[in-house]
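Just so it is clear, none of the values below were taken in a lab; they were calculated from the coordinates. The structure presented is a predicted model; accordingly, all values stated were derived computationally and were not measured. We place every Cβ from the backbone using ideal geometry, glycine too, and count neighbours over all the protein chains shown.
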Amino acid sequence: MLKIVHAADLHLDSAFSSLSAEQAAMLRREQRRILEDIAAQAERMSADLLLLSGDLFDSDRCFGETAEALCSAFEQTRAKIFISPGNHDWYSAHSPWARMQLPENVHVFTSPEIEKVELPELGCTVWGSAFMSDSAQPLLEDFHADGAGINIMVLHGDVDAPDSKYGYISREDITASGLDYLALGHVHKFSGVQRAGNTSYAYPGCAMGRGFDETGEKGILCGSVEKGGCDMKFVPLSGRRYEMLRVDISDADDVADAVRQAMPEDCGRDIYRVILCGEHEETPDTAALEGALGGLCCHLEVRDESRPKVELWAAVGENTLKGGFLRRMKALYDAAQTDDERRRVIKAGSYGLAALENREEG
């Protein structure tokens, strides 16, 4: 049985372009500290292997302090470390992987062809390959592990996406692979531990969110792998989180107070996008709200998807031309699929009602 830590998609030195320069620099520093968290977790559990499934860097270059932090973290664990460069941090003669003086316990795969490293002292064989550019041909086709002991692979690729240019991997090829555990990277959301034939496989997701398409808790996988089975668990990391929160302001006398009441008590470290919804008398001033509420969390965005509150349907029950018009407009409103469609119906209804009543639409 092997003790394993599996991480992927750290995207070190990300731009964090939606944040201020100071906030972006702060999050890049925190990304580097996550490396220490991963190494510490490997040491706590006396891990045999630390598997890093690509996109450790956000591009094919990195800051000097990032390379230093990476090497320092690797030196803090006795685990053997295997890295499969991905489509962001692909391997080349000029990439950080070729230039860094990595500790002796680190092995970086440097070929697009699947290679193996035999570890007889651990009773296992580790397989892997590298992206050589920002794309790769389908992986695992016609592959079958013939290594001694437990067969592990660390790989950056795209399961169940036949048209992907990022190293497509089919479930049929996973089933035929003969692997005991396939440590994947590329998908930024934890996949759960999956099974294809006798092979277990998983994406741990990214180690820290970088935008509102990567919300919620992020982390790594830790546990054990044996011949034909595994017990790998998701372990959250301490990085700041991106979160989205919808706040209904229909009955709010004070929109700022409604947002303040809706925010979780422990939101101070995190980055939030608040989406205002419902109906309200006045269009909220999102810039003023961001200024007034910015201290609640690390960074706050406010988006308005609320609708103007109208008494448009007051005469919908009348047996008149106006009542008939409003019933038709109300049916369109109820059938609308989006807030934008509902706004257009309200606007059309308001103009039509003004024409029927021979008044100017304000």
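So, in nm, how far is label ASN319 from label ARG344 when the simple model puts each one 7 Å beyond its Cα toward the Cβ?
3.5
Mind giving me the nanometre distance, one decimal, between the label points for ALA354 and GLU115, set 7 Å out from Cα along Cα→Cβ?
In this crude label model, ALA354 to GLU115 measures out at 7.2 nm.
If I model a spin label at ASP253 and ALA336 as a point 7 Å from the Cα along the Cα→Cβ vector, what separation in nanometres do I get?
Label at ASP253, label at ALA336, 2.9 nm between them.
If each residue of separation counts as 0.36 nm, what is the full-extension length gain between ASP160 and ARG269 once their alpha-carbon separation is subtracted? Before the final figure, lay out the partial values.
On the way: separation 109, 0.36 × 109 = 39.24 nm, distance 3.54 nm.
Residue separation times 0.36 nm, minus the Cα-Cα distance, leaves 35.7 nm.
Calculate how large, on average over all directions, the projected area of the Cα convex hull of the range 164-281 is; give the answer in nm² to one decimal. Present the calculation step by step, with values, prior to reporting the outcome.
Details: hull surface 40.9 nm².
Quarter of the Cα hull surface area: 10.2 nm².
Is the shape of the range 241-308 rounded, prolate or oblate, going by the alpha carbon gyration tensor and its root eigenvalues a ≥ b ≥ c, with a/c under 1.5 for rounded and a/b larger than b/c for prolate? Could the numbers behind the result be given before it?
Values: a/c = 1.89, a/b = 1.81, b/c = 1.04.
The shape class here is prolate.
Which shape class, rounded, prolate or oblate, goes with the range 45-174 when its Cα gyration tensor gives a ≥ b ≥ c as root eigenvalues, a/c under 1.5 marks rounded, and past that a/b bigger than b/c marks prolate?
On the way: a/c = 2.14, a/b = 1.13, b/c = 1.90.
Verdict is oblate for the range 45-174.
For the peptides 330-339, 200-209, 240-249, what is the packing order when you average, over each peptide's residues, the other Cβ atoms within 10 Å and list the highest mean first? If you can, show how the numbers build up before the last one.
Working: 330-339: 12.5, 200-209: 24.3, 240-249: 17.8.
Descending mean neighbour count gives 200-209, 240-249, 330-339.
Going by average Cβ density within 10 Å per residue, which order do the peptides 223-230, 2-9 take, highest to lowest? It would help to have the intermediate numbers written out before the result.
Values: 223-230: 17.2, 2-9: 25.9.
The most tightly packed comes first, giving 2-9, 223-230.
If you stretched the chain out fully between GLN261 and GLU75, how much longer would it get, using 0.36 nm times the residue separation minus the C-alpha to C-alpha distance? Don't jump to the answer; show the numbers that get you there.
On the way: separation 186, 0.36 × 186 = 66.96 nm, distance 4.56 nm.
Contour length minus the Cα-Cα distance gives 62.4 nm.
Relative contact order (percent) for the chain, with alpha-carbon contacts under 8 angstrom and 6 or more residues of separation? Display every interim value, and only then the final one.
Numbers: 816 pairs, mean separation 43.2, N = 362.
Once normalised by length, the contact order is 12 percent.
If the cut-off is a Cα-Cα distance under 16 Å, which lysines reach LYS218, setting aside same-chain residues fewer than 8 apart in sequence?
LYS189, LYS233
For the range 189-238 and the range 132-155, what is the separation of their C-alpha centers, rounded to whole Å?
A separation of 18 Å, based on Cα centres.
Can you show me the helix-derived [θ] at 222 nm for the chain, built from DSSP H runs with n ≥ 4 at -39,500 (n - 2.57) apiece and divided by the number of residues, rounded to the nearest 500.
Details: 8 runs with 95 residues, N = 362.
For the chain, the value works out to -8000 deg cm²/dmol.
How many percent of DSSP beta bridges within the chain run antiparallel, rounded to 5? Can you show the working numbers first?
Values: 21 of 65 bridges.
The antiparallel proportion sits near 30 percent.
Net charge near ARG273: determine it from the other residues with C-beta under 15 Å of the C-beta of ARG273, scoring Lys and Arg +1 and Asp and Glu -1. Write out the running numbers ahead of the final one.
On the way: positive: ARG210, ARG240, ARG241, ARG246, ARG303; negative: ASP213, GLU214, GLU243, ASP270, GLU290, GLU301, ASP304, GLU305.
Around ARG273, the charge tally is -3.
Mean Kyte-Doolittle hydropathy of 0.0 or higher plus an axial Cα length of 15 Å or more: which whole DSSP H helices in the chain meet both?
Numbers: long enough: 21-44 (35 Å, -0.88); 64-75 (17 Å, 0.17); 321-335 (22 Å, -0.18); 339-356 (25 Å, -0.51).
Sorted by number, the helices that extend far enough and score high enough are 64-75.
Among DSSP beta bridges whose residues both lie in the range 199-276, state the antiparallel percentage, nearest 5.
Numbers: 8 of 15 bridges.
Given both bridge residues lie in the range 199-276, the antiparallel proportion sits at roughly 55 percent.
With r defined as the distance between the Cβ atoms of SER135 and ALA40 and R0 fixed at 41 Å, what FRET efficiency is calculated, to the nearest 0.05? Could you put the intermediate results ahead of the total?
Numbers: r = 34 Å, r/R0 = 0.84.
The calculated FRET efficiency here is 0.75.
Counting other Cβ atoms within 10 Å, keep those with at most 16, restrict to DSSP loop, and tell me which trypsin sites (Lys or Arg not before Pro) in the range 56-96 are left.
Numbers: sites: ARG61, ARG78, LYS80; in loops: ARG61, ARG78.
Taking the range 56-96 and a limit of 16 other Cβ atoms within 10 Å, the loop trypsin sites (Lys or Arg not before Pro) found are ARG61, ARG78.
Which loop-located GluC sites (Glu not before Pro) does the range 257-330 contain, where loop means any DSSP state but H, G, I, E or B and the Cβ has at most 16 other Cβ atoms within 10 Å? Before the final figure, lay out the partial values.
Numbers: sites: GLU265, GLU279, GLU281, GLU282, GLU290, GLU301, GLU305, GLU311, GLU318; in loops: GLU265, GLU281, GLU282, GLU305, GLU311, GLU318.
Filter output for the range 257-330: GLU265, GLU281, GLU282, GLU305, GLU311, GLU318.
Within the range 234-254, list the residues whose amide N lies under 20 Å from a label point set 7 Å along Cα→Cβ of ARG33.
Output list for this probe position: 235-243.
Are any of the pairs LYS116/LYS165; LYS322/LYS347; LYS309/LYS330 more than 20 Å apart by Cα-Cα distance, and if so, which? Mind showing how you got there, number by number?
On the way: LYS116/LYS165 24 Å; LYS322/LYS347 16 Å; LYS309/LYS330 14 Å.
Over 20 Å Cα-Cα: LYS116/LYS165.
Among (1) 41; (2) 17; (3) 29, find the value of percent of Cα pairs over 35 Å apart that was calculated from the structure presented, and write down its label.
It is the one labelled (1).
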